[in-house]
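Accompanying notes for the structure given below.
The values are calculated or read from the model by the stated rules, or taken from the named source; none is laboratory data. Just so it is clear, the model here is predicted, and its values are computed rather than measured. Cβ sites come from the backbone with ideal geometry, for glycine too, and all protein chains shown count toward neighbours.
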Amino acid sequence: MLRLRTIFGALVVAVLMSGPVYAGNMMGAEALSDYSGPYIGGFVGHSWADLEYSDSWNPGYDLNADIEGFVGGLYFGHNYMIDNIMLGFEADAGIGDLGEGADKNNSYNDWSAFDIDWDAHLRARAGFVYNTTLFYVAGGLAVAKVAVDDTDSGYGGDNATHFGWTIGAGIEQKITEHLTARIEYLYDDYGSESYSIEDSWWGDTYSADIDLEIHTARLGLAYSF
């Protein structure tokens, strides 16, 4: 956790200091404003997840878990420039500490534990370059793996992959000709998926549904080729 915070802080400083870096850079503005070509990078950030849970054995006793935590991962993509307009695509995958355990002392969630194991995105991007800064929007496919566990004795758990959509926006700034820092926001709507929880005592199962939305603020650092 401390390492994630350290990297997060370093990337914030990198974005904020990018202007002064350019002022002393001997490269031409044309090189610094060219965002075309392939790139690969890493990101860290913070996510806020709204997870709504309901099951068939307890109608009307729905849970609404507000889960938040740090995330990190990798991304890669390719940009195309038409004058100062950028068009491109990008894929990413990340993991984090997004989860909530059951709390036996709290009646609203005394048996169910949740974990968002990983998520990934495949997005189209479009934006424009002003001076040497890229402003962009992005949207496309979002995928997340979620696990639910009934912590009561004799019960099991299940996991499912949620497919949904994502939309967001960001700002990129070149630090050097090949190194680019970014800050961005993503909203992901993963819709609802069904889960089957086994009762080993009676050899029965009950069904559950999870509806998931996630907001994420991310910082990234990429190398372009």
message: I'd like to know if the stretch 181-192 contains one or more residues that are over 17 Å from Leu87 (Cα atoms), in contact with a helix residue (DSSP H, G or I) (Cβ under 9 Å, 6 or more places away or on another chain) and not in a loop (DSSP other than H, G, I, E, B).
response: yes
message: Can you find a residue that is surrounded by 14 or more Cβ atoms within 10 Å (Cβ to Cβ), closer than 24 Å to Asp149 by Cβ and under 11 Å from the mean Cα position of the chain (by Cα) anywhere in the stretch 48-63?
response: yes
message: Among the numbered criteria (1) under 14 Å from the mean Cα position of the chain (by Cα); (2) hydrophobic (A, V, I, L, M, F, W, C); (3) over 26 Å from Leu134 (Cβ atoms), which one does Ala169 miss?
response: (3)
query: Are any residues in the stretch 194-225 within 22 Å of Leu74 (Cα to Cα) and small (Gly, Ala, Ser), and if so, which ones?
result: Ala217, Gly220, Ala222, Ser224
- request: State all residues of the stretch 66-95 that are of a type in the set (A, V, I, L, M), crowded, with 20+ Cβ neighbours inside 10 Å and over 22 Å from Ile175 (Cα atoms); if no residue qualifies, say none.
  value: Val71
statement: In the stretch 142-176, anything more than 24 Å from Asp97 (Cβ to Cβ) and in a strand (DSSP E or B) is listed as Tyr155, Trp165, Ile167, Ala169, Ile171, Glu172, Gln173, Lys174
query: Looking at (1) closer than 22 Å to Ile116 by Cβ; (2) surrounded by 15 or more Cβ atoms within 10 Å (Cβ to Cβ); (3) among the β-branched types (Val, Ile, Thr), which is the only condition Thr161 fails?
result: (2)
- request: List the number of the failed condition for Gly168; all other conditions in (1) under 17 Å from Gly94 (Cα atoms); (2) surrounded by fewer than 21 Cβ atoms within 10 Å (Cβ to Cβ); (3) in contact with a Lys or Arg (Cβ under 9 Å, 6 or more places away or on another chain); (4) of a type outside the set (Ser, Thr, Tyr) hold.
  value: (2)
- line: Scanning the stretch 125-141 residue by residue, the ones that are assigned to a loop (DSSP other than H, G, I, E, B) and at pLDDT 95 or above total 0
message: Cβ contacts < 6 Å: first residue within 14 Å of His215 (Cβ to Cβ), restricted to the stretch 163-191; second residue polar (S, T, N, Q) and in a strand (DSSP E or B), any location; separation 6+ or different chain. Result?
response: Leu186/Thr166; Leu186/Thr216; Asp188/Thr166
task: For Tyr206, state whether it is touching a His at 6+ places or on another chain (Cβ under 6 Å) and either of a type in the set (Asp, Glu) or over 30 Å from Asn84 (Cα atoms) (or both).
output: no
message: Exactly one condition in (1) farther than 17 Å from Gly73 by Cα; (2) at pLDDT 95 or above; (3) hydrophobic (A, V, I, L, M, F, W, C) is false for Leu122; which is it?
response: (1)
